[in-house]
1. Which of the following residues is farther than 21 Å from GLU107 by Cβ and in contact with a helix residue (DSSP H, G or I) (Cβ under 9 Å, 6 or more places away or on another chain): LEU85, LEU76, LEU69, LEU14?
2. Give the number of residues within region 45-61 that are in a helix (DSSP H, G or I) and under 18 Å from VAL77 (Cα atoms).
3. Please find, among SER38, SER81, the residue that is assigned to a helix (DSSP H, G or I) and among the hydroxyl-bearing types (Ser, Thr, Tyr).
4. Does GLU18 meet the test of being acidic (Asp, Glu), modelled with pLDDT of 95 or more, in a helix (DSSP H, G or I) and within 13 Å of the chain's Cα centre (by Cα)?
5. Can you pull out the residues in region 62-76 that are assigned to a helix (DSSP H, G or I) and closer than 16 Å to ASP100 by Cβ?
6. Tally time: how many residues in region 84-97 are closer than 21 Å to HIS10 by Cα, in contact with an Asp or Glu (Cβ under 9 Å, 6 or more places away or on another chain) and part of a helix (DSSP H, G or I)?
7. Looking at region 21-41, can you tell me whether even one residue there is modelled with pLDDT under 95 and under 13 Å from the mean Cα position of the chain (by Cα)?
8. Checking the conditions here, which among LEU48, LEU35 is farther than 20 Å from ALA92 by Cα and surrounded by 17 or more Cβ atoms within 10 Å (Cβ to Cβ)?
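The values are calculated or read from the model by the stated rules, or taken from the named source; none is laboratory data. Everything numeric here is computed off the predicted structure, so don't read it as measured data. Note: ideal-geometry Cβ built from the backbone for every residue, glycine included; neighbour counts use all protein chains shown.
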Amino acid sequence: MQSHLEEQFHAAMLGIHEQAARLKPPYRATRFRQLVLSSGGKAAADQLLVPGNPSDGFTELFLRGPENLKLSVEYLVLQESWRPLFSDDQLAVARRRLHDMGVELPEGAA
């Protein structure tokens, strides 16, 4: 059974997808949306936060301007309300990817 926090996180994952679609130029991350809808937001984030290269979506957001990485899964999971859902290792992966791109981390995530 999904916790209330996981349900809220699922909605937040769909929210960053919608925000990315409003960028100029728009980024329509259809594979990301399908993954979230089929697996759930938490499971989708778990898949995207494995060590190694970031997802294509992370790269696409960066190419539209580094500030757009604030719409990435990596940035989302580092926000205080979602951190309890993720392991220290997952949070470290997210922190490192954003740091490597010069993105300021969410408050308290450093």
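1. Every option except LEU14 fails the conditions.
2. Of the residues in that region, 9 qualify.
3. Residue meeting the stated conditions: SER38.
4. yes
5. Listed by number, the residues that qualify are PHE62, LEU63, PRO66, GLU67, ASN68, LEU69, LYS70, VAL73, GLU74, TYR75.
6. So the count comes out to 5.
7. Looking through region 21-41, at least one residue is modelled with pLDDT under 95 and under 13 Å from the mean Cα position of the chain (by Cα).
8. LEU35
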